[in-house]
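Q: Here it is, the structure in full.
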Amino acid sequence: MFGSFIYQEETPNPEWAPEVLERVIKKVGSVIIGHEEQVRLTFIAMLAGGHVLLEDVPGVGKTMLVRTVAACLGCDFGRIQFTYDLMPGDITGTSVYYPHIGEFEFRPGPVLSNIVLADEINRASPRAQSALLEAMEERKVTVDGTSYPLPSPFFLLATQNPYEFEGTNRLPEAQMDRFLMRLSLGYPGIDNEMLMLERESSQHTIENVKPLLLGSELVSMQRMAARVYVDESIKKYLVAVADASRKHQGVRLGISPRGTLAWMRASQAAAFMEGRMYVIPDDCLRVAVPVLSHRIQLAYDARAAGMGQEGVIETLLRMFELPRQRSRKGGRA
């Protein structure tokens, strides 16, 4: 349907980037046991300049994953514990009046950090949650009419408990759409849980994790990932899937244009993670469910029939034939 293509890799991929990323992922994996794919997807999101929502039951390591990722990066770290009485100023910061100088001075909040942990984000009120919208999309916060840019890199990792748990509020659709990926860790297998108990008193703890990647290096990687080549046929495939989601009879709210762009950026980052400066269809399929599933809202009839967001995305992906790569000699690759 979308034809074939020949990749022209014009920009060579620096060898140091994938090697450094592998070391960082391995170090995080020594603390977060049994979730290698989720760790890799988290770093793919970071390379794409996006944010991650970790949704799961309490106690499976969501917060520990965020803390370990932050420990591996030489960046500022801020943590926001979301509660029902949290105010927007507790997130963005406030202007404080100092009588001895007769002036207001801005006192920055924890969101003005390189890596921000929004812990149990869906326990706060919608008013407090909305304070993150500008930061997530525009990389700045506005307090008392003055805008303050966020540092670079800026990465928000949020955790949330399932909606049926006590004291939770559903995140607005506009905020869900600003998360590049939604991931779930799940319970570890028996062997991994045994290994976790054995390592509890060993050197594989977060206290022994040292920074392996500087913030400036991560910014350089993000710029390189943004230059990864995406063929026209790949773009047509992404747009076709997004358009089909808006027409699906079981979908009330389809994939937004922001979602299509996020899918492409995540595919570029996945290719860069593998040491390539061009996207192949497998890159798109690898990140499709984490990037797209939380961006659609199912109709009531679909939910009553037991349909899930992930299942709908997988169905949409199968509706279209993947683009095929041609070798430079003209045959199928």
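The values are calculated or read from the model by the stated rules, or taken from the named source; none is laboratory data. Note that the structure is predicted; figures quoted are calculated from it, not measured. Glycine also receives a Cβ, built like all others from the backbone with ideal geometry; neighbour counts cover every protein chain displayed.
Q: Show the residue pairs that are 6+ apart or on different chains and have beta-carbon atoms under 9 Å apart, the first residue being within the stretch 300-324 and touching a residue at least 12 places away in the same chain (Cβ under 8 Å) and within 14 Å of R246 (Cα to Cα), the second being of a type in the set (S, T, Y) and surrounded by 13 or more Cβ atoms within 10 Å (Cβ to Cβ).
A: Q309/S293; V312/S245; V312/S293; I313/S245; I313/S293; L316/S245
Q: Need at least 3 residues that are free of Cβ contacts under 8 Å to residues at least 24 places away in the same chain and loosely packed, with under 14 Cβ neighbours inside 10 Å per element, so show me which helices (runs of 4 or more DSSP H) inside the stretch 57-151 make the cut, counting only ones lying wholly within it.
A: Counting at least 3 such residues, we get no helices (runs of 4 or more DSSP H) at all.
Q: Specify the residue that is farthest from L47 (Cα to Cα); the eligible residues are those in the stretch 291-320 that are in a loop (DSSP other than H, G, I, E, B) and out of contact with any Phe, Trp or Tyr (no Cβ under 7 Å at 6 or more places or on another chain).
A: Start the filter on the stretch 291-320 by keeping residues that are in a loop (DSSP other than H, G, I, E, B), which leaves 296, 299, 305-308, 319-320.
Among the residues that remain, those that are also out of contact with any Phe, Trp or Tyr (no Cβ under 7 Å at 6 or more places or on another chain) are: 296, 299, 305-308, 319.
Working: I296: 24, A299: 33, A305: 37, G306: 35, M307: 32, G308: 28, M319: 29 Å.
Within the stretch 291-320, the match that is farthest from L47 (Cα to Cα) is A305.
Q: Also, I was wondering about something else. For residues in the stretch 231-256 being hydrophobic (A, V, I, L, M, F, W, C) and in contact with a Ser or Thr (Cβ under 7 Å, 6 or more places away or on another chain), which is surrounded by the most Cβ atoms within 10 Å (Cβ to Cβ)?
A: Across the stretch 231-256, the extreme among qualifying residues is I255.
Q: Starting from residues that are under 19 Å from F154 (Cβ atoms) and assigned to a helix (DSSP H, G or I), keep the ones in the stretch 22-56 and report whichever is farthest from the chain's Cα centre (by Cα).
A: V24
Q: Name the residues in the stretch 240-272 that are farther than 13 Å from R295 by Cα, part of a helix (DSSP H, G or I) and in contact with an Asp or Glu (Cβ under 9 Å, 6 or more places away or on another chain), would you?
A: A266, S267, Q268, A269, A270, A271
Q: Right, next: Among the listed residues R127, R139, identify the single one that is among the basic types (K, R) and over 27 Å from Y84 (Cβ atoms).
A: One residue alone meets the criteria, R139.
Q: Collect the residues in the stretch 278-322 that are buried (at least 20 other Cβ atoms within 10 Å of the Cβ) and in contact with a Lys or Arg (Cβ under 7 Å, 6 or more places away or on another chain), keeping them in residue-number order.
A: P290, H294
Q: Can you pull out every residue in the stretch 152-164 that is within 20 Å of R182 (Cβ to Cβ) and either surrounded by 20 or more Cβ atoms within 10 Å (Cβ to Cβ) or touching a Gly at 6+ places or on another chain (Cβ under 8 Å) (or both)?
A: Step one: filter the stretch 152-164 for residues within 20 Å of R182 (Cβ to Cβ), giving 154-164.
Passing the criteria: F154, F155, L156, L157, A158, T159, Q160.
Q: Only one of these conditions is not met by P188: (1) at pLDDT 80 or above; (2) of a type outside the set (D, E); (3) farther than 16 Å from I44 by Cβ. Which number is it?
A: Of (1) at pLDDT 80 or above; (2) of a type outside the set (D, E); (3) farther than 16 Å from I44 by Cβ, only one is false for P188: (1).
Q: For Q8, which of the numbered conditions (1) of a type in the set (S, T, N, Q); (2) part of a loop (DSSP other than H, G, I, E, B); (3) modelled with pLDDT of 80 or more fails to hold?
A: (3)
Q: State whether one or more residues within the stretch 262-276 are aliphatic (A, V, I, L, M) and either in contact with a Ser or Thr (Cβ under 8 Å, 6 or more places away or on another chain) or exposed (fewer than 14 other Cβ atoms within 10 Å of the Cβ) (or both).
A: Of the residues in the stretch 262-276, the ones aliphatic (A, V, I, L, M) are 262, 264, 266, 269-271, 273.
Add one more test, that the residue is either in contact with a Ser or Thr (Cβ under 8 Å, 6 or more places away or on another chain) or exposed (fewer than 14 other Cβ atoms within 10 Å of the Cβ) (or both), and what stays is none.
No, the conditions are met nowhere in the stretch 262-276.
Q: Within the stretch 155-179, track down each residue that is touching a Leu at 6+ places or on another chain (Cβ under 9 Å), modelled with pLDDT of 85 or more and part of a loop (DSSP other than H, G, I, E, B).
A: Of everything in the stretch 155-179, those that are touching a Leu at 6+ places or on another chain (Cβ under 9 Å), modelled with pLDDT of 85 or more and part of a loop (DSSP other than H, G, I, E, B) turn out to be R178, F179.
Q: Taking into account only those residues within the stretch 210-239 that are over 22 Å from the mean Cα position of the chain (by Cα) and in a loop (DSSP other than H, G, I, E, B), which is farthest from E274 (Cα to Cα)?
A: Taking the candidates together, the pick is K210.
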